[in-house]
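J.: To start, I am sharing the structure in question, which I have written as structure tokens.
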Amino acid sequence: MDEQVNQREEVTLVARKACFGLPTACPSCLPVYIYLKFAQTPFNLDFNLTYPDSDQIPYVESGTYVAYNNEKGGVIESLKEDGIVDLDSEVAGVPDWISTKAVVNTWLADALMYELWVGSNGSSAHKIYFSDLPWPIGKFLYFKQTRITKQLLGITKDNADRREEEIYGKATIAYGALATRLGDQSFFFENRPTSLDAVFLGHALFMLHAFPETSVLRSKLLEHSNLVRYADKLRTEFIEAGSSSSIPPSHADPLSSFARGGTSNWSSKPKSKPKKERTEEEKKFRRRAKYFLVTQLVAVLVFLSLLGGSHDAEVELDDDDYDD
Amino acid sequence: MAASLQEERKEQSSVADGEDEKPSNGEDEEDDGDEIEEEEEEEEEEEGEERQKPVPKESRTRLQREKMENLFRRISTERVPLRVHDVVIKGNTKTKDWLIEAEVEAIKNATTVQELLQAATIANARLHRLGIFDSVNITLDSGPPELPGTSNVIVEVVETKSPLTGDIGIFSKPEARSWSLEGSLKVKNLLGFGDLWDGSLSYGWDQTSEISAGVAFPRFKGWANPLLARLSLLSQDWLKFSSYKERVSGISLGLISSKNHDLAYNLSWRTLTDPSQMASRSVRRQLGHGLLSSIKYTFKIDQRNSHLRPTRGYAFVSTSQVGGLAPDHRCLRFLRQEFDLRYAFPLGFYHTALNFGVSCGVLFPWGRGFLNKPSPLPERFFLGGNSSPVCTLGGPTTLLGFKTRGLGPTEPRRQVRDNFDDESSDTYSGRDYVGGDLALTTFADISFDLPLRVFQEAGIHGHFFACAGNVTRLTENACRDLSFQKFRKSFRSSAGFGIIVPTKLFRMEVSFFPETGIYIKLSIWCPCVFNCCNEV
């Protein structure tokens, strides 16, 4: 019973299933997963395999607190508004940041939705959303979602080609602008992760791993090598670095922020370097320091040995003079 | 009656033989006076013949009456052998002959008059029960003269002129504390197979709504059992109690339906949603789509003398359901078993009777990793509601004195941001009833007539009752913590007394519970039936 109570008080992200090498393959769920990883909030990952057409998923729960995807603009916005996790406190008012995020949330989101439901053969969508449902239900829901997507994007039989050009065109412009904005930086703004990084990284990882090589949109993303490097680097650092299921025996209890709705660990200034880099540099430093110390010791020993030899010769000559 | 007609013929022929013998005897005795006597006799014969013309009718009637009386006497005292030669069916223009022949099959096997009369009565009732005839007449006629001891049976039916009927009514659902408006249209005998097609719509305020269409065949050629098929779209609202809504669309097939046995297959698409977004954790985990492919077998014996107020007899019902009967392993897989036992015996004064009963049920998922899987939420047992356990035979569902779904495991609902610090919120509205996998209910009820004759004549009676029940979880390793002592200690019980007022349109129960006070339950059935004379 106590174990169940503790389990219910832990933070749990309920998302759609993992596949394509991603912890969750749903393009709506992956940004939330990454956001919690950026915030270094320990959480469990649960999957809902039977509700592919729900707009409530993903959601974050802890005890009786639940942040649904269809409330307050999304899970990330709910976590920010409720004071649970806020990575955007210092950039929320920056016009550039707002407009960049709007581009990602509209042009790129529409392009991904088009590619997933209309522009491809549907195999990726089947695998992510319907592979755990009985065949008749999965088939029906797939056709239903395809129809809804076409309605949302305003696609009809007459304008299908034109709309496809428009959607891909906007995505191309967005990728170019983002590549320019990112440059050689590690993150888009202020060299630290924000929800913009979480959303775009989720988009990029999905494009790179869930779509086949024949995907038009994927090829447009691959034209910008710095975006691809950015996605691979952050994936290695944040997603593959550790498991989300274990909660470390942490000093500061982030769970208390869910209970009392207080400030999160990210309200203060961010740390200068990530932990991984510091470990490698530290190893390098220690290695170099070892070499230096050894070298110094050898030098001292050589010096001492040379100094001890000359002093003995002077003493013998003085004794011979005194005997005549 | 064939037998009576043959006897008349024999007696008539014997009477005719007797008349022929008299003149032959007279002619042999005298010679001289023979001619005179012959003339006299001829005159007498002529006069006799003249006198016989009006007399045979009266004597024939008297004779027939005597024969009928003799026949009835014989039928009541001895077995009168008889064989059915042919069954003739008349009047059916649309209905297939084989359908009517199948319903009157037993008549052909009758070997005596008594059996024939009994079989004819049963056949008449079965044909009426089909609901496709306005009238049914079965006439027993004599067989061909060359085949003595036989009878022809003539079945004359009048097919209904108004195959389209409908009814609309208001009914109450005490378990759900709501009312529903129900209407249906029925088309009878569209294909001539005795088929009954119906479409129905039920709209319930705050609770259940259903649209369904079905067809029932009383029999189909060689298959003697009735066949039922039904398409339905059902929506149930349990937001108030368990924070979910259920939508089920599917088809059910009744394979065997007899007095004691019922076998049905169900294939349906079930969706659980939570529009309120306030569900507790375990309910949230169950939201989504599922495919239910199950077979359900019910064995029922009900030897009680009344379903509403039994005073004598017993009833036993066993319901077994297996879900997941499909090649696709992603279907809902579970095993569900229910038992009901009721017994009533009279106490001998004021029409008093003691009813007691026990109901139990168990639910378990099956398949790989079944110990860690939760059981399907809609299949679980929920105890509560004020349906009389004496009248209901549907597993452990009702427990007098408790609210709908008011007994069993609960979980806290979601708390929104504003209510985080509100510790004084109503616990009932803040918790979901999530049901259980093992349920047990028992009850004892003593019903008695009220002293006044007015009440007795109206059927108004009183009753004392006591109930107890419990429901618990077994799945997700909860059974490891379960013990008999724990289960016994967590039983809940209630007791009280009440008055029941049955009428043609509704049944009212006024009950008093010492803990919760007075409770009034109104069960309404107010149908209005109409016929449409549009021939199809």
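Derivation of every value follows stated rules applied to the coordinates shown; laboratory data play no part. Here the structure is a predicted model, which means the values were calculated and not measured. Quick reminder, even Gly has a Cβ in these numbers, built from the backbone with ideal geometry, and neighbours come from all protein chains shown.
J.: Could the peptides A:291-299, A:163-171, B:260-268 be put in order, highest first, of the mean number of other beta-carbon atoms found within 10 Å of their residues?
T.: A:163-171, B:260-268, A:291-299
J.: For segment A:11-240, give the share of DSSP beta bridges that are antiparallel, in percent and rounded to the nearest 5; count only bridges with both residues there.
T.: 65
J.: Here is a follow-up. Once the Cα atoms of segment A:11-240 are picked out, what are the Rg and Dmax in Å?
T.: 17.1, 50
J.: If you don't mind, there's one more thing I want to ask. Bin all alpha-carbon pair distances of segment A:1-142 at 5 Å intervals from 0 and give each bin's fraction as a whole percent.
T.: Pairs per bin, as whole percents: 2, 9, 16, 20, 19, 15, 10, 6, 2, 1.
J.: A follow-up question, please. Just rank B:GLU338, B:GLU515, B:GLU210, fewest to most, by other beta-carbon atoms within 10 angstrom.
T.: B:GLU515, B:GLU210, B:GLU338
J.: Work out the length of the dipole vector of segment B:67-159 about its Cα centre, built from +1 on the beta-carbon of each Lys and Arg and -1 on the beta-carbon of each Asp and Glu, and round it to the nearest 20 debye.
T.: Roughly 220 debye, rounded to the nearest 20.
J.: Let me know the shape class of segment B:214-370, please: from the alpha-carbon gyration tensor, a ≥ b ≥ c as square roots of the eigenvalues, rounded when a/c is under 1.5, otherwise prolate if a/b is greater than b/c, or oblate.
T.: Here segment B:214-370 falls in the oblate category.
J.: Given segment A:78-224, what count of lysine pairs have C-alpha atoms under 26 Å apart, with each pair 8 or more places apart or on different chains?
T.: Step by step, the pairs that qualify in segment A:78-224 add up to 17.
J.: Using only the Cα atoms of segment A:78-177, each taken as one equal point scatterer with no solvent, compute I(q) by the Debye sum, divide by I(0), and report log10 of the ratio at q = 0.15, 0.23, 0.24 Å⁻¹.
T.: -0.79, -1.10, -1.14
J.: For A:THR146, A:THR50, which order do you get if you count the other beta carbons within 10 Å of each Cβ and list the fewest first?
T.: Ranking A:THR146, A:THR50 by Cβ neighbours within 10 Å, fewest first, gives A:THR146, A:THR50.
J.: With each label point set 7 Å from Cα along the Cα-Cβ vector, what nm distance links B:PHE487 and A:PHE292?
T.: Computed distance between label sites B:PHE487 and A:PHE292 equals 7.4 nm.
J.: Based on the Cα coordinates of segment B:67-159, what is the per residue volume of their convex hull in Å³?
T.: Convex hull volume per residue, Cα atoms: 97 Å³.
J.: Could you list B:HIS463, B:HIS329, A:HIS126 in order of exposure, starting from the residue whose Cβ has the fewest other Cβ atoms within 10 Å?
T.: The order, fewest Cβ neighbours first, is B:HIS329, A:HIS126, B:HIS463.
J.: Given a Förster distance of 45 Å, report the FRET efficiency between B:ASN305 and B:ALA478 from their Cβ-Cβ distance, rounded to the nearest 0.05.
T.: 0.60
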